[in-house]
Amino acid sequence: MMNNINDSQNIVNLLKEALKFYADKNNYFSATDKPSNIYLDEYGSQARFALNKATELEELIKKSEDEYLKNIANVIDQNNNVIFDYIKKINEINKNEI
């Protein structure tokens, strides 16, 4: 499981590095007979890896938000039940006093 803030920052850094790589004109050309860095990158493997990590983070955030909202809803339901029971008891006491 991801450590949200640290992992988020790591993924942002990973995306930055991938963008720097593809933004560098020198990676598209080779001064020697060797293949260029872009060619050696297997046509976007760094970008695909970074995008996959960003997608994983988005899914984790969505899952965490859904779980948080579900927990909040449960707490509200429990509190509503307690309040409803309390009101019923007050009504019963009031009926008995009349």
Handout entry: Residue in the stretch 62-70 that is surrounded by 10 or more Cβ atoms within 10 Å (Cβ to Cβ), in contact (Cβ under 8 Å) with a residue 24 or more places away in the chain, on the phi < 0 side of the Ramachandran plot and in contact with an Asp or Glu (Cβ under 8 Å, 6 or more places away or on another chain) present
Key = no
Exercise for the section: Scan the stretch 1-43 for residues that are modelled with pLDDT under 90, among the small types (G, A, S) and surrounded by 13 or more Cβ atoms within 10 Å (Cβ to Cβ) and jot them down. Expected result: S8, S30, S36
Handout entry: Hits in the stretch 59-88 - residues which are more than 30 Å from I11 (Cα to Cα) and β-branched (V, I, T)
Key = V75, I76, V82, I83, I87
Fill in the blank from the handout: Within the stretch 42-72, the count of residues that are of a type in the set (G, A, S) and within 10 Å of the chain's Cα centre (by Cα) comes to 2
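The values are calculated or read from the model by the stated rules, or taken from the named source; none is laboratory data. Model, not experiment: these values are computed from the prediction. Reconstructed Cβ throughout: ideal geometry from the backbone, glycine too, with neighbour counts over all protein chains shown.
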